[in-house]
C-alpha cells in the first residue's frame, strides 16, 4: 500500500540531510536553496522500506517564514518524520509543526534525533527523554546523516509505523491537490501532487478546480517513473496537453468531473489553540485563502473565504494569523449563508441537511434559498473573472441542466456569462499595445497566457512554443518559405533566423497540420 510521509521540524535540524541519507536524493532543487543552505520549497524523494512498502517522502522547510509551505506539504500525508537536533532539542518550529500535524489528524510517525554523532551520551539521552515526552508513543531513533548511524533502525521504525496506518482505498473519486506546475521540453505542462483519493491513468478526463478547466491526462509518473496507474497515497506527476504553465498553480485540484464543487464557505468543527481572530488565513490541501470567521458557540464556525476551495466533508483545515491559531474538520463544504448552532450540532451528529437539489418523482427540486445562494456565488465569481473571459464554469452536478434556466445567465459551451457579455482587454489594453510593438520574426515571451490566446483569436499574434509569440506578418512570411521536403537547416537559412527559432516555427506548422516530419525534412500535408 503506497503511503506518504512528511518531514517536520525546526530549521537546520537536518531534515534534508536525513532524507538524502535515507534515499540518496537531495530534495533541495532550487539554486537559492543550495546557495543559502536551507530548504525554501517542498522537496520529494521515494523510499523503499525493508518489507517492500513504498513511501513517498515530502521534505518541508523549517524556517518560520515558510510555515505556509510546510502546511501545503503536510496536507495529505499519512505519517510524519519529526526531526530534532540532538544537541539543540526542540525549538519553536518543532512545536508549531507538531501542532499542525495534530490539527491535520496526522497522529502516527517517528521521531529522528539527528546529529547524534556530535553529542555525548548524556545529552543524547536528555534529547530522547524530551522527544518521548513531546510525542508520546512515537518511536524515537538516534541518527547521523554524516556517519549513517541509526539509519537501519529508522527504516525499521518507519516500517513498523507504516504497517499501522490505514488510508482510503483507490476506489473513490480522483482528487490530487497540485503543489507544483512546470514545463518540460517535449512534454509540456506537468502538475505534481499527492493523490488523496482515487486513481489516475493515461487518457483520464479530469477537471481543474476551482478554475473549472477540463483537461486530459497524457502520461502519469510516480517519482520520475512512468506508470500505467497512480494510486492514492503516491506522489504523482501528470502531463496535461493543451494547458499553459500559467494556467495551473499550487492550490488547484485535479478531480473527477462533477465530484466536488468549489465553495466560498465552509462549516467547520473547531479545534482552537488559543484566541481565534475574526480574520485568518485558511489552509486546505495546498490552497490558501483569507477567511472571515463567523462563530456559532465555542466549537463551530462558518469560514467565509476570499477565494473558493475544493473541500469535502471530513477534510482538515488549518487557520493561521501570524502563527497557527486553530484547526478544523469540515462539516459542510457548501453551507447556506449563516452560522446556525443547531445546524452545526445536527451535522456533527451525522445528519445530512439537504438544501441542494434533490430528485423527486424524476424531477429536480430545490429551495429558493439555495437557488439564491448559488446565483449570488456565481455573480460573485463572474465579478472576479478575467475580463478576457468573463464567464464561470457551469456548476458540476447531475442537477445542473435543470437549474441553469433559472439563473438568468447565458450558457456558452461549458461556461456561464451575463447576457451579452463580451471579452475585453480592460486594464490589459496598454500591455497589449506594448506587446504588439515588440512582435516580429523572433519569438517574444508572453507571461500572460490568457492575453496571448485572446490576441491570437483576434489575429494580432501567433503563439509558438510555450509562452512565446511572433507577429502574424512574420508567421505568414515563414509559411511562404515552406516548400515540400524542406529541412530545418534550409528553413532556418531561408527565413534568416537561428536554429531554435526555426524549430519553434516548424513545430507550430506541425501542430497546425500544415507539415509533418519525415526523417530530417518537413513534408507539406496540404496546400497552403
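Candidates in region 304-353 are the residues that are more than 28 Å from residue 172 (Cβ to Cβ) and at pLDDT below 85; of these, the one that is surrounded by the most Cβ atoms within 10 Å (Cβ to Cβ) is 339. Being crowded, with 20+ Cβ neighbours inside 10 Å, at negative phi and in contact with a helix residue (DSSP H, G or I) (Cβ under 6 Å, 6 or more places away or on another chain) is a property that residue 189 has. Filtered by the rule that a residue be over 18 Å from the mean Cα position of the chain (by Cα) and crowded, with 19+ Cβ neighbours inside 10 Å, region 279-303 gives 280, 291, 293, 300, 301, 302, 303.
Which one of these is part of a strand (DSSP E or B), touching a residue at least 40 places away in the same chain (Cβ under 8 Å), within 36 Å of the chain's Cα centre (by Cα) and surrounded by 13 or more Cβ atoms within 10 Å (Cβ to Cβ): 508, 463, 428, 450? None of the other options fit; the residue is 463. For region 394-417, the candidate set comprises residues that are in a strand (DSSP E or B) and out of contact with any helix residue (DSSP H, G or I) (no Cβ under 7 Å at 6 or more places or on another chain); within that set, the residue that is nearest to residue 262 (Cα to Cα) is 415.
Here's the yes/no breakdown for (1) in contact with a strand residue (DSSP E or B) (Cβ under 7 Å, 6 or more places away or on another chain); (2) over 21 Å from residue 207 (Cα atoms):
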| position | (1), (2) |
| --- | --- |
| 370 | no, yes |
| 378 | yes, no |
| 382 | yes, no |
| 385 | yes, no |
| 390 | yes, no |
| 394 | yes, no |
| 405 | no, yes |
| 410 | yes, yes |
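Can you list the strands (runs of 3 or more DSSP E) found entirely within region 277-316 that contain at least 2 residues being more than 26 Å from residue 383 (Cα to Cα)? So the answer is 287-296, 300-309.
Let's see how each residue does on (1) out of contact with any helix residue (DSSP H, G or I) (no Cβ under 6 Å at 6 or more places or on another chain); (2) at pLDDT below 90:
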{"residue": "39", "(1), (2)": "no, yes"}
{"residue": "47", "(1), (2)": "no, no"}
{"residue": "61", "(1), (2)": "no, yes"}
{"residue": "67", "(1), (2)": "yes, yes"}
{"residue": "86", "(1), (2)": "no, no"}
{"residue": "94", "(1), (2)": "yes, no"}
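Scanning region 198-215 for residues that are touching a helix residue (DSSP H, G or I) at 6+ places or on another chain (Cβ under 9 Å), part of a strand (DSSP E or B) and at pLDDT 90 or above gives a single hit, 208.
The values are calculated or read from the model by the stated rules, or taken from the named source; none is laboratory data. Since we're looking at a predicted model, the values are computed, not measured. Heads up, the Cβs are rebuilt from the backbone with ideal geometry, glycines too, and the neighbour counts pull from every protein chain shown.
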